[in-house]
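S.K.: What follows is a structure written as structure tokens; I'll ask about it next.
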Amino acid sequence: VLTMIDELLRQRHLPDLLRFIDGEKVTRENWDKRREEIIRLLSQEYGDLPPAPVSVNFLQKSEESFCAGKANLVETILICNLKEGGEFSFPVKSVIPVKDEKQPSFILINFHDDVPDRYLPSEELCDLGFAVHSFCYKDITSDDENYNGKLASFYCGKKENLERGKIALWAWAAIRVLDFVLTLPETDPEEIALIGHSRLGKTALLAGGLDTRFTTVISNNSGCSGAALSRDKEGETIKKIFNRFPYWFKSGYGEYADKEHELPFDQHFLLALCAPRKLYIASAALDSWADPLSEFLSASAATAVYELLGEKGLDSDNLPPEENVLLHEGIIGYHKRSGTHYLSRFDWNAFARFIKTGC
Ligand code: GTR
């Protein structure tokens, strides 16, 4: 029987995750090869990530007692020795609970470098037993069409013909933070979640999809060119996003404006890169620009790969959920919080619970 979700997905005419471009069927055995093909397809959107640095050094700048002594606040400078020569450095702020055991951690790609911040409830996360490491995306490259900074001048290329967009540079930096977090004795390498909101949710999906050392990937309200399907999407479309933010993407992506049905992929391909790892897609009910239904359907469509690999994917009762219901039964978590576009305490609590109670 076709469920309501099957029917909604059928109407979008999505490219099939489980067929190679040449038509060959995808199996559990050849999934790794299909994954590589999907990565190549998605590079038409974001470009490839810049090459990993030759080495990264970590310089501790400060350490102070924090949250009434429950945690330490540490600032570290990550010094990346670039393959092409020269260094690129940026700061990371960590709130690490004072405990003798290994801890689950969040890596937050944030809009600001403040700790705490309106999007970063660091004391609450400490009380829930999590370490959190955050960096400000503007310390990586500016969120505009300026390509003078070190990374952008090295890796974006010319404005008229961008080899990769700024999302790829922010994603590259998130992976450097992962390199750092994995060196800390407090880190439990089995529980490292990458999280971003909105444009930084798009970034989290890209970095987390590509680097399998992230054990959980969380997209909060990432919408267009993030979690949401592009075909028949409400609110923001490829045309709208590419007109305003061409520098987030590889140049050719704009050719799909108003031609979403010609894309050889859709955003569920990006989500499927996380399989069989934990993935969480969070929407906000009043965020019609991001389009909660298209975010939800994308998570449903990515479920095919989780099932191929023997996991549950999104467990949804075959209906899009009501507001504030947490779908936590599968390896893909989902909720649609009430209210507007925001990374709220409700969202953080749901993510922490999803990670802690397992799925
Ligand atoms: C909007 C953009 C969205 C989303 C948002 C944000 O202006 O259209 O795609 O990324 O910004 O990052 O807050």
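S.K.: Tell me whether segment 92-112 contains one or more residues that are open to solvent by 50 Å² or more (accessible area, probe 1.4 Å), outside any helix (DSSP H, G or I) and closer than 30 Å to Glu255 by Cβ.
M.R.: Filtering segment 92-112 for residues open to solvent by 50 Å² or more (accessible area, probe 1.4 Å) gives 93, 98-102, 112.
Subsequent filtering for residues that are outside any helix (DSSP H, G or I) retains 93, 98-102, 112.
Next cut, closer than 30 Å to Glu255 by Cβ only: none.
Looking through segment 92-112, none of the residues is open to solvent by 50 Å² or more (accessible area, probe 1.4 Å), outside any helix (DSSP H, G or I) and closer than 30 Å to Glu255 by Cβ.
S.K.: Determine the pairs where a residue that is at positive phi, located within segment 215-229, has a partner that is in a loop (DSSP other than H, G, I, E, B) and more than 8 Å from the ligand (Cβ to nearest atom) with Cβ atoms under 6 Å apart, the partner being 6 or more residues away or on another chain.
M.R.: Correct list of pairs: Asn221/Asp287.
S.K.: Here is a follow-up. Can you find even one residue in segment 237-252 that is open to solvent by less than 30 Å² (accessible area, probe 1.4 Å), within 16 Å of the ligand (Cβ to nearest atom) and among the basic types (Lys, Arg)?
M.R.: Taking every residue of segment 237-252 in turn, none turns out to be open to solvent by less than 30 Å² (accessible area, probe 1.4 Å), within 16 Å of the ligand (Cβ to nearest atom) and among the basic types (Lys, Arg).
S.K.: Return the residue satisfying two criteria in turn: it lies in segment 190-218 and is within 16 Å of the ligand (Cβ to nearest atom) and among the hydroxyl-bearing types (Ser, Thr, Tyr), and of such residues it is surrounded by the most Cβ atoms within 10 Å (Cβ to Cβ).
M.R.: Of all residues in segment 190-218, those within 16 Å of the ligand (Cβ to nearest atom) come to 195-207, 218.
In the following step, the residues that additionally are among the hydroxyl-bearing types (Ser, Thr, Tyr) were identified as 198, 203.
Values: Ser198: 21, Thr203: 30.
Once the filter is applied, the top-ranked residue is Thr203.
S.K.: Within segment 7-60, which residues are free of Cβ contacts under 8 Å to residues at least 40 places away in the same chain, open to solvent by less than 60 Å² (accessible area, probe 1.4 Å) and in a loop (DSSP other than H, G, I, E, B)?
M.R.: Passing the criteria: Phe20, Gly23, Asn30, Pro51.
S.K.: Looking for whichever is in a helix (DSSP H, G or I), within 16 Å of the ligand (Cβ to nearest atom), open to solvent by less than 30 Å² (accessible area, probe 1.4 Å) and of a type in the set (Gly, Ala, Ser) here; the options are Ala228, Ala171, Ala152. Which one fits?
M.R.: That would be Ala171, the only listed residue that is in a helix (DSSP H, G or I), within 16 Å of the ligand (Cβ to nearest atom), open to solvent by less than 30 Å² (accessible area, probe 1.4 Å) and of a type in the set (Gly, Ala, Ser).
The values are calculated or read from the model by the stated rules, or taken from the named source; none is laboratory data. Here the structure is a predicted model, which means the values were calculated and not measured. Positions of Cβ are backbone-derived with ideal geometry, glycine not excepted, and every protein chain shown enters the neighbour counts. We work out accessible area using only protein heavy atoms, side chains counted, and drop any ligands, DNA or RNA first. Shrake-Rupley method; radii C 1.70, N 1.55, O 1.52, S 1.80 Å.
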